[in-house]
Amino acid sequence: MHDDSLVRFTADHVPRDDLQRLMTRSNGPALARAAWHLGMLALTGTLLWRLRGSPWALPVLVAHAYVLVCRFCAFHEAAHRTAFRTRWLNTLLGSLAGFLTFWPYRNYRVYHWEHHRHTQDPARDPELYFPKPASPVAYLLVLTGVPNAIRRIGDILRLAVGIADRPWMAPSERGPLVIEARLYLLGYALVAGASVMAGTPVLLLVWIAPWMLGQAFLRPYLLAEHTGCGTTRDCLENTRTTLSVAAVRLFAWNMPYHAEHHAYPAIPFHALPRLHRAVGRRIEHVEPGYVAATLTVNRFLFRRPPSPARRESSAG
């Protein structure tokens with residue numbers, strides 16, 4: 001971005017009456033989606049625990065890891081407070097999902113709102129604060145989940161000791177963010193202590209290991225949202241939509257319709273397919289699936305800068 005303006009949220013591509021209908025919030029769709037998602041998480045987690053030590057545990061572990069990391073998508077929707085009409089339900093869902101993904105709810109809301117206001121602005125978009133992988137080796141390291149775990153746990157520890165100095169943390173937010181981090185840290189300590197006292201590895205097997213493994217799914221999904229897109233203020237240009245199968249959209253709370261979401265962030269997840277039908281043709285970056293999106297992203301990440309000879313030749 002080349003000026004001090006915020007991103008341009010789109011409103012003129014959808015008739016006002018249609019927009020109002022799309023923005024209508026309801027508890028029903030999110031209650032159904034959350035119940036289904038938690039049910040699948042309980043099912044895969046129970047199967048994983050019962051099959052531990054069996055060769056069948058490995059495919060179940062992969063499935064459970066995918067279901068678990070997709071809780072981030074529920075977390076994201078709750079952070080917008082668009083999942084439910086009732087605000088405390090958004091807070092409940094967001095806090096639970098945030099605990100499971102090691103990202104305190106208020107912390108993420110502050111971070112994510114700045115991302116929406118300054119999408120693709122290298123100076124102010126929090127998602128660009130940390131560099132993206134620039135080589136295949138760095139990319140594979142990201143897929144291990146180790147960098148994400150270090151960042152997530154490190155962020156909680158920094159805040160818990162009173163360090164709230166990230167650029168997107170306004171002075172008025174720093175106190176509440178520190179308190180929140182300390183409460184989350186206390187919660188993790190209690191859970192870990194109970195697990196040690198019980199002498200069971202259940203949390204390690206059904207939570208920590210799948211959370212790490214699941215980053216191999218979540219990292220490419222998140223990188224596909226903006227990597228290689230424009231740095232304009234238009235959300236239909238600086239964000240990518242990835243068309244995918246119904247099962248992926250189900251687990252991801254329709255967030256593959258990401259350009260639509262950025263252009264109209266007040267529209268709840270369950271209305272995004274209808275919004276896509278209205279504005280899909282105007283989106284600059286659309287991929288037919290996550291394999292195609294990942295290939296596009298990796299070509300951008302791993303592109304080689306032109307050699308000096310080539311630059312001189314081009315200049316001449």
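Remarks
- In a residue-by-residue description of the range 203-221, the property of being buried (at least 16 other Cβ atoms within 10 Å of the Cβ), in a loop (DSSP other than H, G, I, E, B) and in contact with a strand residue (DSSP E or B) (Cβ under 9 Å, 6 or more places away or on another chain) applies to no position.
- Residue, surrounded by the fewest Cβ atoms within 10 Å (Cβ to Cβ), within the range 281-301, restricted to residues that are under 27 Å from residue 14 (Cβ atoms) and touching a Pro at 6+ places or on another chain (Cβ under 8 Å): 290
- Entirely in the range 12-111, the helices (runs of 4 or more DSSP H) that have 2 or more residues that are at pLDDT 95 or above and either of a type in the set (S, T, N, Q) or crowded, with 17+ Cβ neighbours inside 10 Å (or both): 27-50, 57-69, 71-79, 87-101
- For residue 259: the one exception among (1) assigned to a loop (DSSP other than H, G, I, E, B); (2) surrounded by 16 or more Cβ atoms within 10 Å (Cβ to Cβ): (1)
- Residues of the range 144-158 satisfying the condition of being surrounded by 18 or more Cβ atoms within 10 Å (Cβ to Cβ) and either among the hydroxyl-bearing types (Ser, Thr, Tyr) or part of a helix (DSSP H, G or I) (or both): 148, 155, 156
- One residue stands out among those in the range 124-143 that are part of a loop (DSSP other than H, G, I, E, B) and without any contact (Cβ under 8 Å) to a residue 24 or more places away in the chain: the one that is surrounded by the most Cβ atoms within 10 Å (Cβ to Cβ), which is 125.
- For residue 149, the conditions (1) in contact (Cβ under 8 Å) with a residue 60 or more places away in the chain; (2) in contact with a Ser or Thr (Cβ under 8 Å, 6 or more places away or on another chain) are fulfilled apart from (2).
- Identity of the residue in the range 159-182, assigned to a helix (DSSP H, G or I) and free of Cβ contacts under 8 Å to residues at least 24 places away in the same chain, that ends up farthest from residue 124 (Cα to Cα): 182
- Boolean, residue 278 is modelled with pLDDT under 95 and crowded, with 16+ Cβ neighbours inside 10 Å: yes
- Lone unmet requirement of (1) free of Cβ contacts under 8 Å to residues at least 60 places away in the same chain; (2) out of contact with any Gly (no Cβ under 6 Å at 6 or more places or on another chain) for residue 237: (2)
- Options 281, 303: the member that is basic (Lys, Arg) and in a helix (DSSP H, G or I): 281
The values are calculated or read from the model by the stated rules, or taken from the named source; none is laboratory data. Keep in mind the model is a prediction, meaning the values are calculated, not measured. Reconstructed Cβ throughout: ideal geometry from the backbone, glycine too, with neighbour counts over all protein chains shown.
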